[in-house]
Amino acid sequence: MPQKHVVQLGDGDRQRLQSLIRKGRASARSLAHARILLKAAEGLSDELIATQLEVSPSTVYRVRRRFVQRGLHEAVHRRAQPARPEQRKLDGDAEAHLIALACSSAPQGRAHWTLRLLADRMVQLQYTDSLSHETVRTTLKKTN
């Protein structure tokens, strides 16, 4: 069966992959992908490459496809993750109010504050729009 994504390496690409493998300083994933591309350029089937390199056939297929669609660098190296700015629910002022609330006496009919009660009270007092008990837990854990 003919391959949908045919890998054709130029001399420069082949030398870069062989150099990468020879040096062995890249991640194991990058080295495996380089070996996959070299074997795919020889015309071997996905199943045979997968058996020889001890990876799954779907990995071989994905590396082939990525090489054809995006190029050598994208096929071999891991793509950088986008920046994920952490959005804090509580700023320093709200954290201080949470700590003060946790140190205060428990509500009527309760022996002590629960995380959910603290979260609900912070919303009632309008320090934040919404707050999970997990955020309360991590905030109080930071303060000992």
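The values are calculated or read from the model by the stated rules, or taken from the named source; none is laboratory data. Not measured: the values here are computed from a predicted model. Virtual Cβ from ideal backbone geometry, glycine too; neighbours counted across all protein chains shown. Calculation scope for accessible area: heavy atoms of the full protein, side chains included, ligands and nucleic acids excluded. Shrake-Rupley method; radii C 1.70, N 1.55, O 1.52, S 1.80 Å.
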| query | In the list Val6, Val55, which residue meets the criterion of being free of Cβ contacts under 8 Å to residues at least 24 places away in the same chain and β-branched (Val, Ile, Thr)? | reply | Val55
| task | Kindly check whether there is at least one residue in the range 84-107 that is of a type outside the set (D, E, K, R), modelled with pLDDT under 90 and farther than 30 Å from Gln126 by Cα. | result | no
| task | Run down Ala50, Ala80 and say which single residue is farther than 16 Å from Leu17 by Cα, aliphatic (A, V, I, L, M) and at pLDDT below 95. | result | Ala80
| said: part of a loop (DSSP other than H, G, I, E, B) and either among the β-branched types (Val, Ile, Thr) or open to solvent by 50 Å² or more (accessible area, probe 1.4 Å) (or both): which single residue out of Val55, Val63, Val68 fits that description? | reply: Val55
| query | Does the range 5-56 hold any residues that are basic (Lys, Arg), touching a helix residue (DSSP H, G or I) at 6+ places or on another chain (Cβ under 6 Å) and more than 18 Å from Arg78 (Cβ to Cβ), and which are they? | reply | Lys39
